[in-house]
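Colleague: Submitted below is the structure of interest, expressed as structure tokens.
The values are calculated or read from the model by the stated rules, or taken from the named source; none is laboratory data. In this text the structure is predicted, and so the values were computed from the model without any measurement. FYI the Cβ positions are ideal-geometry reconstructions off the backbone, even for glycines, and counts take in every protein chain you see. Note: areas computed on protein heavy atoms with side chains; ligands, DNA, RNA excluded. Shrake-Rupley method; radii C 1.70, N 1.55, O 1.52, S 1.80 Å.
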Amino acid sequence: MSFFWGDPTPYVEKAHKAGIKVCDQVGSVSAAKRAQQSGADFIIAQGVEAGGHMAGTVSTMVLVPRVVDTVAPTPVVAAGGIADGRGLAAALALGADAAVLGTRLLATTESNAHEIYKRK
Ligand SMILES: Cc1cc2nc3c(=O)[nH]c(=O)nc-3n(C[C@H](O)[C@H](O)[C@H](O)COP(=O)(O)O)c2cc1C
């Protein structure tokens, strides 16, 4: 169960009791601390390069190592502007355990996004 833009604390225990893993997507170190305190199983550190809604104002490359250092040993997933293997390698080098790719998959033939959106 993935949370974003808000405090997941009231829902984490219920999700865990139902056998569901929880992640919280955050855009700042302070929100990452809150996510860890909530009991989230892993945290997505979303940089300002990300498509869709954003929670923070810091770039992925700056945010990810700060979140990693703050919440260790909670696993961290990097998000924002990662679109290929090089980006994944960079995220791992920054200490992330994985990466989220959103916009890159939106631009695939399998995606139902509008053609003009895909071309842009
Ligand atoms: C069209 C679009 C819609 C999105 N909607 C959501 C959403 O509803 N909830 C959410 O947590 N993240 C949403 N995201 C953000 C992704 O979870 C992720 O942070 C982002 O796609 C990563 O950056 P990237 O787009 O540069 O790969 C959305 C992203 C895109 C591109």
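Colleague: Out of the range 89-120, which residues are assigned to a helix (DSSP H, G or I) and under 30 Å from V71 (Cβ atoms)?
Modeller: Passing the criteria: A89, A90, A91, L92, A93, T103, R104, L105, L106.
Colleague: Which condition number in (1) modelled with pLDDT of 95 or more; (2) closer than 28 Å to L106 by Cα is the one that Y11 fails?
Modeller: Only one criterion in (1) modelled with pLDDT of 95 or more; (2) closer than 28 Å to L106 by Cα is unmet by Y11, namely (2).
Colleague: Being within 15 Å of the ligand (Cβ to nearest atom), on the phi > 0 side of the Ramachandran plot and in contact with a helix residue (DSSP H, G or I) (Cβ under 8 Å, 6 or more places away or on another chain) narrows it down to one residue among G47, G27, G51, G80; which is it?
Modeller: Of G47, G27, G51, G80, the one residue that is within 15 Å of the ligand (Cβ to nearest atom), on the phi > 0 side of the Ramachandran plot and in contact with a helix residue (DSSP H, G or I) (Cβ under 8 Å, 6 or more places away or on another chain) is G80.
Colleague: Let me ask something else. Would you check if D41 is among the charged types (D, E, K, R), surrounded by 19 or more Cβ atoms within 10 Å (Cβ to Cβ) and closer than 17 Å to M1 by Cα?
Modeller: No: the conditions fail for D41.
Colleague: Right, here's the next one. Return yes or no: is A55 in a helix (DSSP H, G or I) and within 11 Å of the chain's Cα centre (by Cα)? Reasoning before the result, please.
Modeller: Details: in a helix (DSSP H, G or I): no; within 11 Å of the chain's Cα centre (by Cα): yes.
No.
Colleague: Could I ask something else about it? May I ask you to list the residues in the range 1-11 that are open to solvent by 70 Å² or more (accessible area, probe 1.4 Å) and either in contact with a helix residue (DSSP H, G or I) (Cβ under 6 Å, 6 or more places away or on another chain) or among the aliphatic types (A, V, I, L, M) (or both)?
Modeller: M1
Colleague: Anything in the range 58-88 that is assigned to a helix (DSSP H, G or I), β-branched (V, I, T) and buried (at least 16 other Cβ atoms within 10 Å of the Cβ)? List them, or say none. Walk me through it before giving the result.
Modeller: At the first step, the residues of the range 58-88 found to be assigned to a helix (DSSP H, G or I) are 60-71, 85-88.
Right, trim to β-branched (V, I, T) and you get 60, 62, 64, 67-68, 70-71.
Listed by number, the residues that qualify are T60, V64, V67, V68, T70, V71.
Colleague: Separate question: Looking at K14, is it touching a strand residue (DSSP E or B) at 6+ places or on another chain (Cβ under 8 Å) and exposed (fewer than 15 other Cβ atoms within 10 Å of the Cβ)?
Modeller: Criteria not met by K14.
Colleague: Hey, another quick one. Give me the residue from the range 89-100 that is closer than 13 Å to A45 by Cα and either more than 11 Å from the ligand (Cβ to nearest atom) or open to solvent by less than 50 Å² (accessible area, probe 1.4 Å) (or both) and, out of that set, nearest to the chain's Cα centre (by Cα). Before you say what the answer is, go through the steps one by one.
Modeller: So the first thing to find is which residues in the range 89-100 are closer than 13 Å to A45 by Cα, and the list is 91-92, 94-100.
Narrowing the set further to residues that are either more than 11 Å from the ligand (Cβ to nearest atom) or open to solvent by less than 50 Å² (accessible area, probe 1.4 Å) (or both) leaves 91-92, 94-99.
Working: A91: 11, L92: 13, L94: 14, G95: 13, A96: 10, D97: 11, A98: 9, A99: 7 Å.
This residue is A99.
Colleague: Check T60 against each of (1) of a type in the set (V, I, T); (2) in contact (Cβ under 8 Å) with a residue 40 or more places away in the chain; (3) within 11 Å of the ligand (Cβ to nearest atom) and name the one condition it does not meet.
Modeller: All conditions are met except number (2).
Colleague: Ok, one more. Is there a residue being closer than 30 Å to R119 by Cβ and open to solvent by less than 50 Å² (accessible area, probe 1.4 Å) anywhere in the range 19-37?
Modeller: Yes, the range 19-37 has at least one match.
Colleague: A further question follows. I'm told G39 meets every condition in (1) more than 10 Å from the ligand (Cβ to nearest atom); (2) out of contact with any His (no Cβ under 9 Å at 6 or more places or on another chain) except one. Can you identify the failing condition by its number?
Modeller: It fails just one condition, (2).
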